[in-house]
Amino acid sequence: MPKPLHLIVACAENRVIGRGGKLPWHIPEDTKHFHRETAGQIVVLGRVCFETWPRAALDGRRPIVITRNTALDGETVKIAANLGDALTAAESLPGKIMICGGERIYTETLALAEATGRALILDLTLIHAEVPGDTFMPEWRHLAWRETARREGADDHFRYTFLTLER
């Protein structure tokens, strides 16, 4: 039986997850949460996400980067040509499979889970604001989720909710 897929993402109410290749907010509590949840795990992500996350290969993470750029392949990073190849590689490694973005990777993962019935866990930081951006989380609300955890948070700029949803 394949491992469940854990999507970890922060997004605004309007589903924005990025702007200009970066996060469109700075929420220290969410950053700590993201690093804590992904430490010691397999992180599957696209090239842009990898290049903008300096800690991707630290804290025991095992990154699998979906790209055609073979120059990234090395001791601490595996590369895969597509999501299927990344998940095949991830299955052979110890730890949770954490899907860390970007937009295309999230879209393909949700479609794969819907088509195959694969277990899916969405670790979502929902930012209660409409934020301008150019990169989006695909619509997830139409899927039959079971909420297993919820915690509210806020800083000087945003209110947000940490949610764990399973299907």
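Computed from the coordinates by the stated procedures, all read-outs in this text should not be read as laboratory data. Fair warning: this is a prediction, and the values are worked out from it, not measured in the lab. As a convention, Cβ positions derive from the backbone with ideal geometry for all residues, glycine included, and neighbour counts pool all protein chains shown.
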Cβ-Cβ under 8 Å pairs, at least 6 apart or on other chains, the range 137-152 side touching a residue at least 24 places away in the same chain (Cβ under 8 Å), far side assigned to a loop (DSSP other than H, G, I, E, B): Met137/Arg15; Pro138/Arg15; Glu139/Arg15; Leu143/Arg167
Any hit, the range 135-148, residues being over 24 Å from Gly21 (Cβ atoms) and of a type in the set (Val, Ile, Thr): yes
Every pair of residues 6+ apart whose Cβ atoms lie under 7 Å, when the first sits in the range 19-37 and is touching a residue at least 24 places away in the same chain (Cβ under 8 Å) and of a type in the set (Val, Ile, Thr) while the second is surrounded by 15 or more Cβ atoms within 10 Å (Cβ to Cβ) and assigned to a loop (DSSP other than H, G, I, E, B): Ile27/Phe158
Selected residue (criterion: surrounded by the most Cβ atoms within 10 Å (Cβ to Cβ)) from residues of the range 48-101 that are within 16 Å of Lys3 (Cα to Cα) and acidic (Asp, Glu): Asp85
